[in-house]
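The values are calculated or read from the model by the stated rules, or taken from the named source; none is laboratory data. These numbers were taken from a predicted model, which means no experiment stands behind them. Every residue, glycine as well, gets a Cβ built from its backbone with ideal geometry; the counts of neighbours run over all protein chains shown.
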Amino acid sequence: VSQMQEGQRKRIELNPGIEHLWPAIVRFFYGLNVDIASFDHCIELMQLADYYDLSQLKEQCSSWLVKVSWTGEQAVLVIAELTFDTFLLARACALLESKPVALFGSPSWKSCTETLVK
(Lines give C-alpha, C1' and ligand atoms only; values in the text may rest on other atoms or scores of the structure.)
Protein backbone atom coordinates (compact mmCIF):
# COMPACT_ATOMS: atom_id res chain seq x y z
CA VAL A 1 0.00 0.00 0.00
CA SER A 2 1.35 3.40 -1.00
CA GLN A 3 2.24 5.84 1.77
CA MET A 4 1.60 8.77 -0.56
CA GLN A 5 -1.63 10.68 0.00
CA GLU A 6 -2.68 9.98 -3.60
CA GLY A 7 -2.41 6.25 -2.97
CA GLN A 8 -4.38 6.43 0.24
CA ARG A 9 -7.12 8.63 -1.21
CA LYS A 10 -7.02 6.76 -4.55
CA ARG A 11 -7.17 10.11 -6.29
CA ILE A 12 -4.55 12.11 -8.16
CA GLU A 13 -5.07 15.83 -8.46
CA LEU A 14 -3.47 17.39 -11.51
CA ASN A 15 -2.09 20.89 -11.58
CA PRO A 16 -4.11 23.08 -13.94
CA GLY A 17 -2.35 24.29 -17.07
CA ILE A 18 -0.18 21.22 -17.61
CA GLU A 19 -2.53 19.20 -19.77
CA HIS A 20 -0.22 19.65 -22.76
CA LEU A 21 2.49 17.70 -20.90
CA TRP A 22 0.45 14.58 -20.21
CA PRO A 23 1.05 12.91 -23.59
CA ALA A 24 4.78 12.96 -22.80
CA ILE A 25 4.19 11.70 -19.25
CA VAL A 26 2.01 8.83 -20.48
CA ARG A 27 4.70 7.91 -23.02
CA PHE A 28 7.24 7.91 -20.18
CA PHE A 29 5.05 5.65 -18.01
CA TYR A 30 4.75 3.18 -20.88
CA GLY A 31 8.50 3.14 -21.38
CA LEU A 32 8.33 4.94 -24.73
CA ASN A 33 10.65 7.67 -25.92
CA VAL A 34 9.66 11.10 -24.62
CA ASP A 35 10.01 13.67 -27.37
CA ILE A 36 11.16 16.99 -26.00
CA ALA A 37 9.87 19.69 -28.31
CA SER A 38 11.72 22.76 -27.03
CA PHE A 39 13.72 24.27 -24.20
CA ASP A 40 10.56 25.56 -22.51
CA HIS A 41 8.85 22.16 -22.93
CA CYS A 42 11.85 20.49 -21.30
CA ILE A 43 11.77 22.91 -18.35
CA GLU A 44 8.06 22.24 -17.81
CA LEU A 45 8.56 18.47 -18.06
CA MET A 46 11.43 18.61 -15.60
CA GLN A 47 9.36 20.61 -13.11
CA LEU A 48 6.56 18.07 -13.42
CA ALA A 49 9.01 15.19 -13.03
CA ASP A 50 10.39 16.81 -9.89
CA TYR A 51 6.90 17.39 -8.48
CA TYR A 52 5.88 13.76 -9.04
CA ASP A 53 9.34 12.41 -8.13
CA LEU A 54 10.01 10.85 -11.54
CA SER A 55 13.80 10.71 -11.28
CA GLN A 56 14.38 8.97 -14.62
CA LEU A 57 12.38 11.62 -16.47
CA LYS A 58 14.26 14.35 -14.61
CA GLU A 59 17.52 12.75 -15.72
CA GLN A 60 16.31 12.56 -19.32
CA CYS A 61 15.35 16.23 -19.27
CA SER A 62 18.62 17.21 -17.62
CA SER A 63 20.58 15.29 -20.28
CA TRP A 64 18.63 17.06 -23.03
CA LEU A 65 19.35 20.46 -21.46
CA VAL A 66 23.06 19.70 -21.20
CA LYS A 67 23.24 18.88 -24.92
CA VAL A 68 21.74 22.14 -26.20
CA SER A 69 23.15 25.67 -26.27
CA TRP A 70 21.49 28.20 -23.99
CA THR A 71 20.70 31.85 -24.44
CA GLY A 72 20.94 34.27 -21.54
CA GLU A 73 17.18 34.27 -21.25
CA GLN A 74 17.14 30.46 -21.04
CA ALA A 75 19.83 30.55 -18.33
CA VAL A 76 17.63 32.94 -16.35
CA LEU A 77 14.69 30.57 -16.86
CA VAL A 78 16.72 27.65 -15.50
CA ILE A 79 17.66 29.66 -12.42
CA ALA A 80 14.07 30.74 -11.85
CA GLU A 81 12.37 27.39 -12.51
CA LEU A 82 14.83 24.58 -11.74
CA THR A 83 16.01 25.50 -8.26
CA PHE A 84 16.19 21.80 -7.36
CA ASP A 85 18.95 20.95 -9.89
CA THR A 86 22.27 22.25 -8.62
CA PHE A 87 24.22 21.12 -11.71
CA LEU A 88 21.98 23.03 -14.12
CA LEU A 89 21.92 26.04 -11.78
CA ALA A 90 25.73 26.10 -11.77
CA ARG A 91 25.78 25.88 -15.57
CA ALA A 92 23.29 28.75 -15.88
CA CYS A 93 25.23 30.92 -13.42
CA ALA A 94 28.51 30.21 -15.21
CA LEU A 95 26.97 31.27 -18.52
CA LEU A 96 25.64 34.49 -17.04
CA GLU A 97 28.89 35.26 -15.20
CA SER A 98 30.89 34.87 -18.40
CA LYS A 99 28.43 36.96 -20.42
CA PRO A 100 26.68 39.51 -18.19
CA VAL A 101 25.23 41.11 -21.32
CA ALA A 102 23.28 37.86 -21.81
CA LEU A 103 21.57 38.51 -18.48
CA PHE A 104 20.85 42.19 -18.92
CA GLY A 105 19.99 41.78 -22.59
CA SER A 106 17.11 39.55 -21.63
CA PRO A 107 13.77 40.97 -20.49
CA SER A 108 13.71 38.16 -17.91
CA TRP A 109 16.43 39.76 -15.80
CA LYS A 110 13.88 42.08 -14.23
CA SER A 111 12.35 39.09 -12.46
CA CYS A 112 15.71 37.93 -11.07
CA THR A 113 16.56 38.11 -7.42
CA GLU A 114 19.15 40.59 -6.18
CA THR A 115 21.48 37.68 -5.36
CA LEU A 116 21.49 36.43 -8.94
CA VAL A 117 22.16 39.88 -10.38
CA LYS A 118 25.12 40.35 -8.01
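Tabulated data
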{"quantity": "The range 74-88, residues that are of a type in the set (A, V, I, L, M) and either buried (at least 16 other Cβ atoms within 10 Å of the Cβ) or within 13 Å of F39 (Cα to Cα) (or both)", "calculated": "A75, V76, L77, V78, I79, L82, L88"}
{"quantity": "Matching residues, the range 40-61, being within 14 Å of Q74 (Cα to Cα) and out of contact with any Asp or Glu (no Cβ under 8 Å at 6 or more places or on another chain)", "calculated": "D40, H41, C42, E44"}
{"quantity": "Entirely in the range 27-118, the helices (runs of 4 or more DSSP H) that have 1 or more residues that are closer than 25 Å to G17 by Cα, of a type in the set (K, R) and modelled with pLDDT of 90 or more", "calculated": "55-67"}
{"quantity": "Cβ-Cβ under 6 Å pairs, at least 6 apart or on other chains, the range 10-26 side under 15 Å from Q47 (Cα atoms) and at pLDDT 85 or above, far side outside any helix (DSSP H, G or I) and among the aliphatic types (A, V, I, L, M)", "calculated": "A24/V34"}
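To keep it simple, each residue is scored yes or no on (1) under 14 Å from R91 (Cα atoms); (2) of a type in the set (K, R); (3) crowded, with 18+ Cβ neighbours inside 10 Å.
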| position | (1), (2), (3) |
| --- | --- |
| D40 | no, no, no |
| I43 | no, no, yes |
| E59 | no, no, no |
| G72 | yes, no, yes |
